[in-house]
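The values are calculated or read from the model by the stated rules, or taken from the named source; none is laboratory data. Predicted, not measured: the structure shown is a model, and the values here were computed from it. Glycine also receives a Cβ, built like all others from the backbone with ideal geometry; neighbour counts cover every protein chain displayed.
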Amino acid sequence: MLDARKSFRPDDPLRALGIRAVPSGPGGTPLDDSLRQLVAEQLLAGETAEAVLAVLMRRGVAAAEAKAEIAAAAGHPYLKAATQLQARLAKRDWLLEARAKLERMQVAEVPRRERLAPETFFAEHYTTLTPVVLTGMTEDWAGRQWSLDSLAGLGNPEVEVQGGREADVDFELNSIAHKRKMRWHEVLELLRGDPETNDFYVTANNSGVNRKALAALWADVGDLPGYLGKSHLGDGFFWMGPRGTVTPWHHDLTQNLLVNMVGRKRVALVSPAETHRMRNHRHCFSCFGADAELQGVPAAVRPRVLTVEIGPGDILFLPVGWWHHVTGLTMTIGMSFTNFVWDNEFTSFYASEGAL
């Protein structure tokens with residue numbers, strides 16, 4: 001039993017775990033918790049002791065200290081418990097891999113369905129997590145006629161955009177830092193030049209400000225009876241950007257309808273059954289980032305990518321958990337919606353937020 005009266009030196013946190021730390025040699029990098037975590041991660045990833053030793057020595061840790069630390073970690077009960085949890089995850093990944101194998105036997109394309117009845121959509125797509133492009137459902141929406149000239153008639157309110165994106169490889173993860181205030185006519189003038197750029201984009205992340213600034217646009221947004229609750233200010237997210245805009249690989253925590261009003265987009269998708277291949281390093285994002293094709297990924301571990309283009313009036317159903325990457329092929333204006341008439345609540349049991 002641990003004697004609570006005993007204290008441990010703050011510079012030797014592993015004494016409480018029964019791990020003996022070997023002093024670093026002259027000029028060697030001392031082991032700290034970040035390096036110990038690296039040792040554990042490498043061993044759990046299946047790396048050999050020799051490979052982990054090489055990593056530590058490249059970080060400047062003396063060979064004797066590194067060998068002792070690796071041996072202590074490999075035999076420690078905490079790491080053994082983590083190995084058991086890893087085995088449970090491997091079992092789950094096996095089930096996902098079985099599902100992915102069966103999915104790959106299907107035709108590798110996203111279907112297009114015209115004027116699909118809500119009950120058919122619910123049975124064949126909503127509850128089966130199957131993407132689909134819905135057509136013929138927005139012809140009477142006034143928003144289909146949006147243009148830079150007509151949008152200038154809104155006046156010149158202050159709006160919010162995502163800016164300075166091209167200098168930041170993690171622009172989407174750091175979206176809060178990229179919020180910029182601009183006048184509406186400034187945004188329209190930038191788009192008139194038809195640049196090919198990912199540096200500015202009006203996205204769902206700007207909706208807190210833009211719902212009020214662009215409130216008049218909601219009168220141009222029609223309804224999808226049987227699919228969505230009636231649209232009003234507060235429902236839906238507005239998107240507008242030049243050709244070349246990119247939304248990097250990520251998955252959503254809800255079912256989504258992406259309604260393309262103006263222009264064309266290319267959307268790459270990967271099934272949630274291949275999540276274990278998507279290098280999910282943080283929250284709902286992938287290390288693949290803006291790499292839509294994943295051509296550099298070895299075939300044995302490359303996810304199957306489905307690609308679909310959506311044009312004016314097309315509606316893409318993005319099921320919860322489906323990884324997607326979006327590229328603007330032209331200037332685009334669109335909306336996205338999550339206010340389905342069916343249950344669309346999946347976040348209350350999303351337990352990994354903040355831990356991944």
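Would you check if there is a residue in the range 27-37 being assigned to a helix (DSSP H, G or I), of a type in the set (V, I, T) and out of contact with any Cys (no Cβ under 6 Å at 6 or more places or on another chain)?
Within the range 27-37 (the criterion being assigned to a helix (DSSP H, G or I), of a type in the set (V, I, T) and out of contact with any Cys (no Cβ under 6 Å at 6 or more places or on another chain)), the answer is no, since none of the residues qualifies.
Name the residue, out of R59, R36, that is farther than 13 Å from L79 by Cβ, among the basic types (K, R), modelled with pLDDT of 50 or more and within 35 Å of the chain's Cα centre (by Cα).
Only one candidate passes the filter, namely R59.
Are any of the residues in the range 267-280 farther than 20 Å from P111 by Cα, without any contact (Cβ under 8 Å) to a residue 24 or more places away in the chain and not small (G, A, S)?
yes
Can you tell which of L224, L214 is touching a Phe, Trp or Tyr at 6+ places or on another chain (Cβ under 7 Å) and in contact (Cβ under 8 Å) with a residue 12 or more places away in the chain?
Answer to the selection: L214.
Which residue is farthest from the chain's Cα centre (by Cα), if the candidates are limited to the range 105-141 and must be surrounded by fewer than 17 Cβ atoms within 10 Å (Cβ to Cβ) and aliphatic (A, V, I, L, M)?
A117
Taking the condition of being among the hydrophobic types (A, V, I, L, M, F, W, C) and closer than 19 Å to M182 by Cα, how many residues in the range 137-157 meet it?
4
If you go through the range 103-155, how many residues are among the aromatic types (F, W, Y) and part of a helix (DSSP H, G or I)?
Going through the range 103-155 one residue at a time, the tally reaches 3.
List the residue pairs whose Cβ atoms are under 7 Å apart, where the first residue sits in the range 116-131 and is among the small types (G, A, S), the second is surrounded by 12 or more Cβ atoms within 10 Å (Cβ to Cβ) and outside any helix (DSSP H, G or I), and the two are 6 or more positions apart or on different chains.
No pair meets every condition.
Considering only residues of the range 103-117 that are modelled with pLDDT under 95 and not polar (S, T, N, Q), which is nearest to T128 (Cα to Cα)?
Checking each candidate, the answer is E103.
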